[in-house]
Every structure is written in C-alpha cells, then in structure tokens.
1. Only one of (1) closer than 19 Å to residue 161 by Cα; (2) assigned to a loop (DSSP other than H, G, I, E, B) fails for residue 245. Which number is that?
2. Look at the stretch 163-212 and say how many of its residues are touching a Leu at 6+ places or on another chain (Cβ under 7 Å), within 16 Å of ligand 2 (Cβ to nearest atom) and closer than 26 Å to residue 69 by Cα.
3. For the stretch 1-90, please list each of the strands (runs of 3 or more DSSP E) lying entirely inside it that holds at least 1 residues being surrounded by 15 or more Cβ atoms within 10 Å (Cβ to Cβ).
4. Using beta carbons and a limit of 7 Å, which pairs, at least six apart or on different chains, have the first residue in the stretch 314-332 and free of Cβ contacts under 8 Å to residues at least 60 places away in the same chain and the second one more than 14 Å from ligand 1 (Cβ to nearest atom)?
5. Out of the residues in the stretch 281-300 meeting the condition of being away from ligand 2 (no atom under 15 Å from the Cβ) and not in a loop (DSSP other than H, G, I, E, B), tell me which one is farthest from the chain's Cα centre (by Cα).
6. Could you list, in sequence order, all residues of the stretch 262-289 that are closer than 26 Å to residue 135 by Cβ and either of a type in the set (Val, Ile, Thr) or in contact with a Ser or Thr (Cβ under 9 Å, 6 or more places away or on another chain) (or both)?
7. Find the residue count for the stretch 117-130, including only residues that are more than 16 Å from ligand 2 (Cβ to nearest atom), hydroxyl-bearing (Ser, Thr, Tyr) and within 15 Å of residue 29 (Cβ to Cβ).
Amino acid sequence: MDVIYTDRHRLHRGEFEFFAGELVPCYEKPERADAVLAALTACGMAVGGPESFCLAPIERVHTPRYLRFLESAWQRWRALGKERDALPDVWPIRGFRHDIEPDDFVAQLGLYSFDTATPLTAGTWTAARAAAEVALTAQRRIAGGARAAFALTRPPGHHAGADFFGGYCFINNAAVAAQALIDDGARRVAILDVDYHHGNGTQSIFYERADVLVQSIHGDPKTEYPYYLGHADETGSGAGTGFNRNYPLPAGSSTASWFDALEAACGRVRDFGPAALVVPLGVDTYVGDPISRFRLDRPDYLRLGARLAALRLPTLFVFEGGYAVAEIGENVVNALRGFEEAGGA
Ligand code: 6XA
Ligand code: ZN
C-alpha cells in the first residue's frame, strides 16, 4: 500500500505538556512517526512525499479565522519576547463570548484551544500544514482509484475542530481528507476512528451532515480524555441525525468487547454504502500504551486490518495516536499488513 510521509513533521516538537497538573515531557513527539516510518520501510512498503496544496481544501473544514491565527501564532508569541512553547491559560467557557476575537494573544490562544497538553511551537504551523498535505496526497491516490493508502501524519488531527486545537491536534487531517473525497465526487464517505480517544473534532465537524458517517470506538469519556464528548447518545443532529455513532467502552475493557464494537461499526459502514472509508488509525489501544487503558496486543492489529479489508472499500488510513514508541511501528505495520493480506490492497 502507498505510504505518504514528510519529515517536516519534525518541525513540531513540543517540550512540555500539562498532565494531571504536572508539567511533563510531551508524549506526542517526533520519534513516534520516525519509528512508524522505520517499521514500514523495513517491511518494504513504498513511501512517497506529499504534493503541495493551497489552503482551500483545509478551509473546507477549518475557519479562515482559526487558520490565520495558527499561521501567525508563533511570530506573535515571539514578539511578546517568549522563547518557550506557547500554552493557553484562560478559556471562554459557558456564558462567555466566542464571536468577538480578543486582541490579546494569550486570550486568542484560549479562544482557539481546549487543553494545556498541546504546545504551539516554532514549527507547528509548517508541520501541521504538511500533515494535511500528506493526508490530501493520500486522498488523491484513493480518488484516483487506489484501493488503500496510509497517510503517516504528525501532528495528529482528530481532536481538532473547525476552529480549535487540543489533544495534540491542530488540523483535522482525516476530516480534511474525507471532505476532499466528497469534493472529488464521492456521494458518501464513512469515517471509522479506532484511536483510544474519542475523535471529538471530527464528530463536531460533520455532526449535522448526512453525507459523512462518523463512528468512533474509544475509552468512555466519563473517565477518559477528551471527557466532554463521545457518549453513545450523540447520534448527530438536524440532517445529520443518525449519522454519528459512538462506541464508548470502559477503560480496561477486554479485546473481545473492542472487536464486538468494531463489528457493530463495520455493520453500520456496510449499511451506509459509502464510496470510501477513512480510518483515523491510533494504536494507543495497545496494552502497553502509557496514557491509555485498552488491552489490544500486537497480533490484534492484524485482525483489525483484516476486518476493515473485508468491507471491500477504498480505504484511507490516517495516523493518529499511540505513545508506546518501541512498539508503535509494529502495531501500525500489523494493521496495514492485516489489511493487505486479507486482500485489501
Ligand atoms: C492529553 C491526552 C491527549 C490524548 C491525545 C490522543 N492529556 N488522542 O492520543 O487520540
Ligand atoms: Zn489517542
């Protein structure tokens, strides 16, 4: 299967994040993508670079105001005399105004974000934009008739909404790719997010849409990040009613129950009849992941890939989370190999 990758991801290298009130080294680090690339190369997968794109396909998913903010953020932070990464410290929660953009840079940082785990750094914009180009290049392969492609994106994307960043994500790579598939003529696209964390950004972007089915299997938000979205009763609204499905599972759930959820989600993909499938692929479902609590083991990713291949759809995998760096490459390779060996590509 075609793999798209760029080493521009390394330009985004956060130093610290807040984790349960403590400043700790970022879990989301360049070594993650480097490890995946090494594993893919070792097993002989063809790796290509991204094409260039203007902002238009990214603006189909994100607001111009938000993208302008991201693009200029580092320069404005530097102009305040700052050298370390930018992190927000105030947010406009319930009852505050979101329609007026404050002039103050830190206030804007809060307007456009939702956590303290996602440092904005000197190279964040370049890396995030390059990741979107990786996803769009992989999308073009699918639109051009490829059976499958893997976008090795970093920073990840599925927590980023139309106008906010968080959860290590700035641009929602999978959403940008799904929208591009629609814009290239697909009547319906299914997204099946298998990362440990609920894809809140993707859900919010497509929540009122009937042409993009969004499903996510994840740790129950009552105890797991991102906490405030991802419950089973969130099924879409307006025209999108019935086109959003969540499968929250308790932290510590068995692998058997995870695959039961996958089976239910695949059944809904089949019934929806999409032209293509987008899979935000996080491997933080791995039993050894340092920040997550499911129990999938290495061979389980082969089974995941094989199950997705059985849907017989053009399939675009987009890399998301996974923090057990020593095993991350093997787990991603297994998902893609499982797909290929089951006749997927
Ligand atoms: C912040 C946890 C962010 C989780 C990011 C992730 N404390 N999302 O892996 O899929
Ligand atoms: Zn995750």
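1. Here residue 245 meets the rest and fails (2).
2. The qualifying residues number 4.
3. Ranges flagged: 2-4, 16-19.
4. From residues that are free of Cβ contacts under 8 Å to residues at least 60 places away in the same chain, the pairs are 324/288; 327/288; 327/298; 331/298; 331/301.
5. Residue satisfying both the conditions and the ranking: 299.
6. The answer is 265, 269, 276, 277, 278, 279, 280, 282, 283, 284, 285, 286.
7. In the first step, residues of the stretch 117-130 are kept if they are more than 16 Å from ligand 2 (Cβ to nearest atom); the result is 119-130.
Filter again for hydroxyl-bearing (Ser, Thr, Tyr), leaving 121, 124, 126.
Narrowing the set further to residues that are within 15 Å of residue 29 (Cβ to Cβ) leaves 121, 124.
The number of residues fulfilling the criteria is 2.
The rows are residues; the columns are (1) among the hydrophobic types (A, V, I, L, M, F, W, C); (2) touching a helix residue (DSSP H, G or I) at 6+ places or on another chain (Cβ under 7 Å).
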| position | (1), (2) |
| --- | --- |
| 87 | yes, no |
| 90 | yes, yes |
| 103 | no, no |
| 106 | yes, no |
| 109 | yes, no |
| 113 | no, no |
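Every number here is computed from the coordinates shown, using simple stated rules; none is lab data. Small disclaimer: the values here were computed from a predicted structure and weren't measured. Neighbour counts run over all protein chains shown; Cβ positions are idealised from the backbone, glycine included.
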